[in-house]
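Presented below is the structure to which this report refers.
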Amino acid sequence: MESVGDPVSAVFHSDVVVSLAELASSLFRDRVWMHPSTEWESGYIECVNRLFGDSGLQDALTRGAVYGEDVDAPLRVLDELTDRLDHRRSDEKIVADPLFQQVAEIAAGVLPFVILRSSFDVMSGGGVPLKAPESAPASETRRMSLEEGEGVSDESFDMRLTRAEVLVFFEWLASANETDVLPADEAEHRVLRDLESQLETKLVEPFLPNYSALVSEAKRAVLGA
């Protein structure tokens, strides 16, 4: 994603969005930073490095406008604040630092605008793949084909949904799980829970303060309203 003359195209916006969501969401930090697992490993240092280094954002901000000055300015302040925090401490102590609260507030304030002004638009038509379970080798993931006389295949099946469709589906899954309205059939229940788990590792929207509004917007997009 190299680009000499265009700072915007030189930024990996998905890295920026995910990192800002981590900094802004106490729920995410408690779940991932404070209780690391093999499902999703991260922490303050990893998050900041991804936000400004791996994404290319820091270099892009020095070369010109990225998201507009009203968003770029607080992002530069955020860069300075994260540099001032002593990263040699544990994540628990970093999060407890009053300076980090400023970091979290700025991240929460700019995140919706970054989403809307980048290629990581929540309502974009880009699909989100629902992948096969990790136990299935990627090389074996392909469309399922059922030939006449053949039983149900154990091959993986790929499908693509728009991000709006994924948000609507995920919200239904989460609500159904909370209210115990998922199918009683054990196999059906297992499939739906596996799908919910996969989506939880890919979506940042559930951690955003305006998640309900994003779901409503997604439903309108699905209905073509």
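Could you compute how much accessible surface I45 exposes when probed at 1.4 Å, giving the result in Å² to the nearest 10?
70
At what distance in angstrom do the alpha carbon centres of segment 184-208 and segment 58-105 lie from each other?
The two parts, judged by their Cα centres, are 32 Å apart.
The values are calculated or read from the model by the stated rules, or taken from the named source; none is laboratory data. What you see is a predicted model; the values in this text were computed from it and never measured. SASA here: full protein model, heavy atoms, side chains in, ligands and nucleic acids out. Shrake-Rupley method; radii C 1.70, N 1.55, O 1.52, S 1.80 Å.
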